[in-house]
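Heads up: the structure comes next, in structure tokens.
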Amino acid sequence: MTKQIYTIALPSKGAIAEPTSNFLKQSGLKIVKPNPRQYTGRIAEIDALQVLFQRVKDVAYKVADGTAQLGITGLDVVCENPHKDLIVIHDALGYGHCQLVVAVPEAWVDVDDMYDLAEVALDFREKKGRNIRVATTYPYLTRQFLQRNRIQHFRITKAEGAIEAAPMIGSADFVVDLTQTGTTLRENHLKQVDGGTILEAQACFIANRQALQNNPELLDIVQNLCELIDSGLNAKKYYQVVADIEANNVDDILSGLEDNLLKQRIIATHRMLNPSLSASSDSDQAIYTLTLTLEGRNIIEIVQHLRSIGARSIVMNPIKYLFHAESPTFKKLLETLESS
Amino acid sequence: MQSAEKILSNHMLRYGYQSIELPEIAPAELFLTRAGDKIIDQLLIFEHKDQRFALRPEFTALAAQHYLTLQAQESVRWQFEGTVYKNSFNATHHSDYHKTSVGAEFIGATNPDADVEIIAMAAHGITELGIDDWQMVIGHVGVQRALLKALKLEPRLQEMMLSQRDSYRHGQDFLNPKGSDGLTTDSEISVNSDEDLNQTGYALDLLLNATRYGDVMGGRTRQDITERLLKKRQRLSKQPEIKRAWMLLQEWSKITSPPESAFVTMRELLTKYNINGDEQIQSLLTEWSNIIDSLEEYDIPLERIIIQPDLTRNWNYYTGIVFGIQTDHDNYVASGGRYDELIRVVSDGERHVPSVGMAFHLERMSLKIDQTTQKQLNIGGYQVKNIAHDLRQRGHAVALFDVHDERCDIYVQESSILFKNTHETVSFRNLEQAVLILEEYAR
């Protein structure tokens, strides 16, 4: 019997194309693309999964219509194109951060927040006899957001490309657009509005709901991917610390860990990895090798404390994978599928 | 047996409302113009050659567009029957996305008699379908706007407050994203009079001209920005008026009673808030009251009428009388009202054509159509509206034009023939004679 091949759609170009490839590589999944001009590829570690390279928007469409069963794209695209068969497995893969924001001309010095903008919208209707116009490539999210903020009368101007230029060329009065740093907005004499952040998005992992429900073997693949993604993302927050500590006994080391601010971090990691201690010297004080996993903030503080309890050499290594008892992402996915 | 749509169509024809065909598809923006993007979730939209189109969710915006396309200058009475389409998140079958709509629009209806006519036509239409246990609820958007205007609230603030209908009906504070005082912003500029406003406005305008903001104005002029900036500051001194208006709206929204007591209560509230001397409010209340009284000329007894001043939710659309006919609580089988601003908005401000319209909600009716139900001819006076009503009862199409002192031009025709404007004057000495003459004329 022929083995079923499933498809994961990945961005072919744009801001998250290369980061997606890097992310998967860091998660232990190497994308093999035989020819740079081809739109297909494979993942070396998963035989049953082929890769389809698409534009970011098309990734969502292909997964929604079932052409691809899995995909990685921007959360902004998914939220803009909701579909009953589109399910978000993981909404924060840790790269491709951006915000969808409302921005008005800087010259609108009377507009500080969304309440002001709602008033200006009424001004347009009353004084100019027309609806205020907003340029965006996110009409769905824009409508919902403006309505929630009491702006009922507006006209969405369809635009592609340089949205920020729309107020300058007169095709719109304000814009709703993606921004990462706000630089492009400022360069075009636009400013963000308080309370005008519609969405904070980053890359996300999506799937076709029906495909998951009807194909147990696809669910197995997704479980493996979730394990790799979760463990990879978890690992980014932690360091593995190996220290040789000179102490009278193990209890002195443990009490030293208890007494300090490290305690919180160790407790946080203790559930995942117990400190391992072993004697390595027969002097008055033994040398113990302490291995633990710590949240990687303020590493100099960590080093100083370990020295204060007798550490002689300290090695800190980044972690590649950190597995929990189960993948929380996959667990949540199962719950979602069961409830739908 | 006739369908409900046919019965209603014939019924409206007897009032002189001609059937017209309107497209089922139009640019989505046309429908959004009516109520902003409020109805966006209800529209079934598709894209074609980079333009968004929608299946019609109603007829009114299409009728307004059609009127403009015809470059019509005279008033028109149009009726519609056909399928309308709405998105439904609860849809389980394709039939959930469409339904049959029957309605009418009187475009160019400047006279309050048009309101009476539309309301009466809606009520008698329901009766023609064999539904007798209805009640009519009538409100008035214009009066409510006039209240806020009399309390010296600027138009933008009026709109904001009216849009918070659910909040004031439920006794909540006028909350906004900044909290109870969010209508104002911290400012070092204090402006307390219009004279100050003008002087400060001039100074600010100069200042804006000298800024680094360039020419990116997004459809606003420096004057627009300056004026609003100053008014925003000026609101610091307006908070008492805002709170007072909010309290009035809360009390206003609680009125739900028969006409006689409702008008008394409304006038008491005007006195309480010291705006009983406002000429616009008094004028609108008088007009509203007269419209209610005139309904009796169309055989609509006052006992059937309940006044609920803040009836509508759609402040952005209706401008005057609004009404709904219900067979049970919260179930409107017909509704409509005056929308004087729609054509101005659809024409981007080029035309101003007052209008009034209504629609029957067939899907909400438990139809009990009885073909044997016939009205008795009831000659009870010499008023032209009585005559017109009686003639309609006899199956003739009758349209009244420019009623003054109970004299007017009456146009009559067989219901099967399209209405034509003949401009002939019919004189009569009594009602019987008038009916005979008119029937002869109609032949």
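The values are calculated or read from the model by the stated rules, or taken from the named source; none is laboratory data. All values reported here derive from a predicted model rather than from experimental measurement. So basically every Cβ, Gly included, is an ideal-geometry build from the backbone, and we count neighbours across all protein chains shown. Heads up: the accessible areas ignore ligands, DNA and RNA and are worked out on the full protein's heavy atoms, side chains in. Shrake-Rupley method; radii C 1.70, N 1.55, O 1.52, S 1.80 Å.
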Legend entry - segment A:307-337, subset in contact with an Asp or Glu (Cβ under 9 Å, 6 or more places away or on another chain) and among the charged types (D, E, K, R), residue nearest to residue A:234 (Cα to Cα): A:326
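Do you know which residues across segment A:226-253 are under 9 Å from residue A:290 (Cβ atoms) and surrounded by fewer than 19 Cβ atoms within 10 Å (Cβ to Cβ)? Break it down into steps so the answer makes sense when it comes.
First, the residues of segment A:226-253 that are under 9 Å from residue A:290 (Cβ atoms): A:241-245, A:253.
Hits for segment A:226-253 are A:242, A:244.
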Inset, instruction - Could you tell me whether residue A:53 is within 14 Å of chain B (Cβ to nearest Cβ), open to solvent by less than 40 Å² (accessible area, probe 1.4 Å) and at pLDDT 90 or above? - result: no
Legend entry - Complete set of residues in segment B:5-53 that are more than 23 Å from the chain's Cα centre (by Cα), surrounded by 16 or more Cβ atoms within 10 Å (Cβ to Cβ) and at pLDDT below 80: B:52
Legend entry - segment B:232-265: number of residues that are outside any helix (DSSP H, G or I) and more than 23 Å from the chain's Cα centre (by Cα): 1
Inset, instruction - Among the numbered conditions (1) out of contact with any Ser or Thr (no Cβ under 9 Å at 6 or more places or on another chain); (2) more than 14 Å from chain A (Cβ to nearest Cβ); (3) open to solvent by less than 30 Å² (accessible area, probe 1.4 Å); (4) at pLDDT below 85, tell me where residue B:347 comes up short. - result: (2)
Inset, instruction - Kindly indicate the residue of segment A:108-137 that is over 16 Å from residue B:232 (Cα atoms) and of a type in the set (Gly, Ala, Ser) and also farthest from the other protein chains (Cβ to nearest Cβ) among those meeting that condition. - result: A:135
Legend entry - Failed item in (1) at pLDDT 95 or above; (2) open to solvent by less than 30 Å² (accessible area, probe 1.4 Å), with residue A:88 passing the rest: (2)
Inset, instruction - Just give me the residues in segment A:102-114 being open to solvent by 10 Å² or more (accessible area, probe 1.4 Å) and either farther than 15 Å from residue A:196 by Cα or not in a strand (DSSP E or B) (or both), in sequence order. - result: A:106, A:109, A:112
Inset, instruction - Out of B:88, B:95, B:75, report the one residue that is open to solvent by 20 Å² or more (accessible area, probe 1.4 Å) and modelled with pLDDT of 90 or more. - result: B:75
Legend entry - Of all residues making up segment B:138-162, the number that are closer than 19 Å to residue B:273 by Cα, open to solvent by less than 10 Å² (accessible area, probe 1.4 Å) and without any contact (Cβ under 8 Å) to a residue 40 or more places away in the chain: 0
Legend entry - Conditions (1) buried (at least 23 other Cβ atoms within 10 Å of the Cβ); (2) of a type in the set (A, V, I, L, M, F, W, C); (3) facing chain B (nearest Cβ under 9 Å); (4) assigned to a helix (DSSP H, G or I): number failed by residue A:63: (3)
Inset, instruction - May I ask you to list pairs of residues, at least six apart or on different chains, whose Cβ atoms are under 9 Å apart, with the first in segment A:147-174 being in contact (Cβ under 8 Å) with a residue 40 or more places away in the chain and at the interface with another protein chain (Cβ under 8 Å from one of its Cβ atoms) and the second being basic (Lys, Arg) and buried (at least 17 other Cβ atoms within 10 Å of the Cβ)? - result: A:173/A:133; A:173/B:220; A:174/A:133
Inset, instruction - Could you list all residues from segment A:177-212 that are away from every other protein chain (no Cβ under 13 Å), open to solvent by less than 10 Å² (accessible area, probe 1.4 Å) and hydrophobic (A, V, I, L, M, F, W, C)? - result: A:201, A:203, A:204, A:205, A:206, A:207, A:212
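Does residue A:140 fit the bill of being modelled with pLDDT of 85 or more, at the interface with chain B (Cβ under 10 Å from one of its Cβ atoms) and surrounded by fewer than 23 Cβ atoms within 10 Å (Cβ to Cβ)?
Working: modelled with pLDDT of 85 or more: yes; at the interface with chain B (Cβ under 10 Å from one of its Cβ atoms): yes; surrounded by fewer than 23 Cβ atoms within 10 Å (Cβ to Cβ): yes.
For residue A:140, the condition - modelled with pLDDT of 85 or more, at the interface with chain B (Cβ under 10 Å from one of its Cβ atoms) and surrounded by fewer than 23 Cβ atoms within 10 Å (Cβ to Cβ) - is met.
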